[in-house]
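Some notes on the structure that comes next.
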Ligand code: NAD
C-alpha cells in the first residue's frame, strides 16, 4: 500500500502523519511518501520522517502519484484531487456539513472518501475519534488563552496587601472540550461553573469540582440523542434556560462557550443584552465561532472589545497547539486506516459491513453515498 501525505494549506498548521505513525505504517509494509516540509509547523522536521522510513516528495502531486491511501487534516485542494488515482482512499476532516464542492469532486475522481468527523461514537472507535482528540486540546488552549487575555489573576491570592479574589469561570457546553476547559480552569485556580442540555454531564461536571447550572425539567432529562449528542431544545426550554443564564453570567469573569449541535449552526446562548450586563474586563471566548458562534456578538477569527467586554472568536483552536494536535490526529488516522490495510496482499480492503466504515464513508464508485449528504439523515 502506497500512502501519500500532502502538506496542508496555509491556515492549517497540523499534519496528518507523525514520525511515530510513519514508522507504524512502514512496519505494516506500506510505502509512505510525505511532501517536504509538511510536518514543519507541527515541529516534525523532514529528517524525522526519513528516519522513520518514509520518503520525501518535492510536491503534493509527486507524493500523490499512484497513492492508494491519502492522509490529510483538512479537505484536499482541487489540484490534489485531480492528482489522485481512481479507487484511492482519502481519510481527512472533509467537512461533511459544509459546502459540497470538494466532496462531489472526490466522487467524480472515483476516490473513496472518509470523513473523520463522522466517526461513530462507539467504544471500538474511541481511538479513531478526531473530534474528541482535537476538542480536548482545544478546551485546554481556550482557557489558557482566555486567562492570558484576562487583566486580572485567576487564583485567589492572600497577600499582605489584601486578598485577590479567584476568577469566576463559566463553561457553556460540557462535552469533550467543555470538560477539559473546566479541568484547566480549576487547575489555574478559578471558581468554575458549567451548563449543558444533556443530563448525563451533570455528574461529570460535579466530579471535576464545578457547579452545574441548568433548568432541570422533563425535557432536560430526555435531551440526548442515541449518538450521545445534544438535541435542539424547544423554544420554551430555551427561554427558561436563557433567564437562568442571563442571571448567572452577570457575575462571571471568563465565559468559555463550546456548545455545538452536529450539522446545525451553533446554538445562540449569549445575547448582546446579556453581554451588556457583564462586568468590565470580563472575557467571552467563543469556541463555536467557526460554526456561527454561541454569542450574538462573536466574529469568527476576531478579538473584539464591546463596551468593556472582550469577545474572542478564535478559529482552528487545535491548530494553536499543533505539536500535540498532530500527534493525536495522526494516531486517530492510523487506528482508522489500519482497518483497511491488508498487509498480506499489500492492498486496500474495505469491509463495507463495518459500522465504522459505513459511518464515515462519503463517496464510493463515483457517487456520494453518505446519508448525511444524500438527505436521508441529518
Ligand atoms: P459537541 O462538541 O457536539 O457539543 C459540545 C457540548 O455542547 C455538548 O456537551 C452538548 O451537549 C452541548 N450543547 C449543545 N447545545 C447546547 C445548549 N443549547 N446549551 C448548552 N450546551 C449545549 O459534543 P462532544 O464534545 O463531541 O460530546 C458529545 C458526547 O459524546 C459527550 O457525552 C461525549 O462524552 C460523548 N463521546 C463519546 C465517545 C465514544 O463513546 N466513543 C467519544 C467522544 C465523545
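The values are calculated or read from the model by the stated rules, or taken from the named source; none is laboratory data. Just so it is clear, the model here is predicted, and its values are computed rather than measured. Every residue, glycine among them, receives a Cβ derived from its backbone with ideal geometry; neighbour counts consider all protein chains shown.
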With respect to residue 171, determine if the residue is more than 10 Å from the ligand (Cβ to nearest atom) and either crowded, with 20+ Cβ neighbours inside 10 Å or modelled with pLDDT of 95 or more (or both). no
Tabulated pairs, segment 222-250, first within 17 Å of residue 212 (Cβ to Cβ), second away from the ligand (no atom under 11 Å from the Cβ) and at pLDDT 80 or above, C-beta under 6 angstrom, 6+ apart or interchain: 237/219; 249/274
Qualifying position, being out of contact with any strand residue (DSSP E or B) (no Cβ under 6 Å at 6 or more places or on another chain), modelled with pLDDT under 95, within 11 Å of the ligand (Cβ to nearest atom) and closer than 29 Å to residue 363 by Cβ, among 198, 121: 121
Of (1) surrounded by fewer than 23 Cβ atoms within 10 Å (Cβ to Cβ); (2) assigned to a loop (DSSP other than H, G, I, E, B), residue 145 satisfies every one except (2)
Subset tally (residues that are more than 9 Å from the ligand (Cβ to nearest atom) and out of contact with any helix residue (DSSP H, G or I) (no Cβ under 9 Å at 6 or more places or on another chain)) for segment 225-241: 5
Is it fair to say residue 138 is more than 24 Å from residue 308 (Cβ to Cβ) and in a strand (DSSP E or B)? no
Residue hits (segment 268-281; assigned to a loop (DSSP other than H, G, I, E, B), within 16 Å of residue 253 (Cβ to Cβ) and free of Cβ contacts under 8 Å to residues at least 40 places away in the same chain) are 277, 278, 279, 280
If you take the residues of segment 97-118 that are outside any helix (DSSP H, G or I) and at pLDDT 95 or above, which of them is surrounded by the fewest Cβ atoms within 10 Å (Cβ to Cβ)? 110
I'd like the full set of residues that are more than 29 Å from the chain's Cα centre (by Cα) and surrounded by 13 or more Cβ atoms within 10 Å (Cβ to Cβ), limited to segment 153-164. 156, 157, 164
Identify all residues within segment 215-224 that are loosely packed, with under 12 Cβ neighbours inside 10 Å and either within 27 Å of the chain's Cα centre (by Cα) or within 12 Å of the ligand (Cβ to nearest atom) (or both); write none if there are none. 221, 222
For segment 340-355, does any single residue satisfy the condition of being on the phi < 0 side of the Ramachandran plot and within 22 Å of the chain's Cα centre (by Cα)? yes
What is the residue count in segment 282-315 for residues that are in contact with a strand residue (DSSP E or B) (Cβ under 9 Å, 6 or more places away or on another chain), surrounded by fewer than 14 Cβ atoms within 10 Å (Cβ to Cβ) and not in a strand (DSSP E or B)? 1
Residue 146 more than 16 Å from the ligand (Cβ to nearest atom), in contact with a strand residue (DSSP E or B) (Cβ under 7 Å, 6 or more places away or on another chain), touching a residue at least 40 places away in the same chain (Cβ under 8 Å) and under 30 Å from residue 188 (Cβ atoms): yes
Scan of segment 247-265 for residues that are in contact with a strand residue (DSSP E or B) (Cβ under 8 Å, 6 or more places away or on another chain) and either near the ligand (Cβ under 8 Å from one of its atoms) or part of a loop (DSSP other than H, G, I, E, B) (or both), ordered by number: 251, 252, 253, 258, 259
